[in-house]
1. For the chain, give the share of DSSP beta bridges that are antiparallel, in percent and rounded to the nearest 5; count only bridges with both residues there.
2. Using modelled amide H (1.01 Å from N, peptide plane; none on Pro or chain starts), what sits under 5 Å from the amide H of residue 251, excluding residues fewer than 5 places away?
3. Roughly how many percent of the accessible protein surface of the stretch 7-279 is carbon and sulfur, given a 1.4 Å probe and a whole-percent answer?
4. For 214, 138, write out the residues from largest to smallest accessible area, computed with a 1.4 angstrom probe and no ligands counted.
5. Quick one: compute the contact order of the chain, relative version, from alpha carbon pairs under 8 angstrom and 6+ residues apart, as a percent.
6. Helix-derived [θ] at 222 nm for the chain: sum -39500 (n - 2.57) over DSSP H runs of at least 4, divide by residue count, nearest 500?
7. Under a 1.4 Å probe, what is the accessible area of the chain per residue, stated in Å²?
8. Of the chymotrypsin sites (Phe, Trp or Tyr not before Pro) in the stretch 121-161, which ones lie in a loop per DSSP and count no more than 16 other C-beta atoms within 10 Å?
Amino acid sequence: MPDLNQNITLVECPRDAIQGLHGQISTEKKVAYINFLIRTGLFECIDFGSFVSPVAVPQMADTEAVVRQLDLINDTRLLAIVVNEKGVERATAFEQIHYLGYPFSISEEFQRRNTNANLQQSFERLKYIVERTKAGGKEPVVYISMAFGNPYKEIWSEQLVIDWLGNIAELGVTRFSLADTTGEASVEQIDSLFHKVYELFTELHIGAHFHSTKLNSMAKIKAAFDSGCKTFDGAMLGYGGCPFAKDDLVGNIAMEDLLLFFGRGNAPQIEELKQQFNTLIS
């Protein structure tokens, strides 16, 4: 078991877990579940919702209603996703939110699918989002999507990831997450890329947002941790996956695996987390 004094940050992602589900989950259920997550005190951050088009992501149409009813009774911080100028304006109105996340794909095809923009348009949009996020007293987090491969037969390389990290860091962003959007990453890729980015960008906080089958999740967690990663995203029972990626979604790293790996929480707590999540989606 890893040393628990390693300042590990766990980000629970109910937003990512449920955004692609077809059956609409009620606002009341979402509020009850997220407030339960907050009360556990097990997570430094909760990725709770997104300020995006209700047509594109119907499950997130009530994000504003949800955030108004959350009880921040401890140091748990809230993160919301924004993908355009309108979204960041809506999100900065809520003082409860600490982080605003932006998905920046190094794949032209996926960026178009996810945010209806090409890479250069997305980068210009990000400039405005970073500026408004900071002006609103919040901290930007940029997810580098397709960081470990490209299923669309486009050019991919570690250098491409490094180049975009450098470009975006120049905008004043210090928090990033390397996203294995379609479950492409191997243990060897994770080890190699994290070692390189930590060596090159010593002042940045760079976490891991892996999608993975249950079979490979523990190996991926260990590879990132052994390479120096201290921030991990996950979702209960491994639900989720981006609805704008490939047709066959690969779920998130299961949060119960992260809790087990880092020795956080006990067996009854983890079972209750599973039960509460099943209640949410039932």
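The values are calculated or read from the model by the stated rules, or taken from the named source; none is laboratory data. As the structure is a prediction and not an experimental result, all values here were calculated from the model. Every residue, glycine among them, receives a Cβ derived from its backbone with ideal geometry; neighbour counts consider all protein chains shown. Heavy atoms of the whole protein, side chains included, go into the accessibility calculation; ligands, DNA and RNA do not. Shrake-Rupley method; radii C 1.70, N 1.55, O 1.52, S 1.80 Å.
1. In the chain, approximately 5 percent of DSSP beta bridges are antiparallel ones.
2. Distant-sequence amide H within range of residue 251: 212.
3. Roughly 50 percent of what the probe reaches on the stretch 7-279 is carbon or sulfur.
4. Descending accessible area places them as 214, 138.
5. 20
6. -12500 deg cm²/dmol
7. Working: 12170 Å² over 282 residues.
Ligands and nucleic acids excluded, the figure is 43 Å² per residue.
8. 152
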